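The structure appears right after this line, and notes come after that.
The values are calculated or read from the model by the stated rules, or taken from the named source; none is laboratory data. Only a predicted model underlies this, so the values are computations on that prediction, with no experimental measurement involved. Cβ: placed from backbone, ideal geometry, glycine included. Neighbour counts: every protein chain shown.
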Amino acid sequence: MRHKAKITWWIGAVVFLAPLVPMASFPKPPVTVGFLFSQSYETAETELMIRAGLRTIRIPYAAITAVRPSTDSRSALAMSLDRVLVEYQSGEQLIAPQNQTDFFDDLQCRAPHLSRRGMEPTIALNA
């Protein structure tokens, strides 16, 4: 299932307008330009695919250890501060699905080793 990315209007505006500012003011202009392409998150048969610009990150479900809401403001592929932190064996990714509830439900169906923890929309390894 494909999940659209949530884009906060002011972050989208900054990213869209950034190339109009002299490129010398940006340490990594290609990264900024890469965000002008669409973003989405796809739950494929065996992996979560994060598509952002020209980049695709594949995370096998078996490697995912936790998925939880986040408002972390670190630089990330997400163009919203209403984010989801995906933790996996070799790292973590901040993403921003448009409908977090549907994303959590879909991911939990495809990764049976994860389960809900309390009332929060957090899923983590079964204990």
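Before we move on, is residue 37 touching a strand residue (DSSP E or B) at 6+ places or on another chain (Cβ under 9 Å), among the aromatic types (Phe, Trp, Tyr), modelled with pLDDT under 80 and farther than 23 Å from residue 114 by Cβ? When the stated conditions are applied, residue 37 passes them. Looking at the structure I just gave you, is residue 70 out of contact with any helix residue (DSSP H, G or I) (no Cβ under 6 Å at 6 or more places or on another chain), crowded, with 18+ Cβ neighbours inside 10 Å and small (Gly, Ala, Ser)? Answer is yes for this residue.
Condition check for residue 8 on (1) within 13 Å of the chain's Cα centre (by Cα); (2) at pLDDT below 75: one failure, at (1). Annotation note: of 87, 42, 92, the sole residue that is in a strand (DSSP E or B), modelled with pLDDT of 80 or more and more than 21 Å from residue 124 (Cβ to Cβ) is 42.
For the structure I just gave you, tell me whether residue 121 is of a type outside the set (Ser, Thr, Tyr), under 21 Å from residue 45 (Cβ atoms), in a loop (DSSP other than H, G, I, E, B) and at pLDDT below 90. Step through it out loud before you land on a result.
Values: of a type outside the set (Ser, Thr, Tyr): yes; under 21 Å from residue 45 (Cβ atoms): no; in a loop (DSSP other than H, G, I, E, B): yes; at pLDDT below 90: yes.
Considered against the rule, which asks whether it is of a type outside the set (Ser, Thr, Tyr), under 21 Å from residue 45 (Cβ atoms), in a loop (DSSP other than H, G, I, E, B) and at pLDDT below 90, residue 121 comes out as no.
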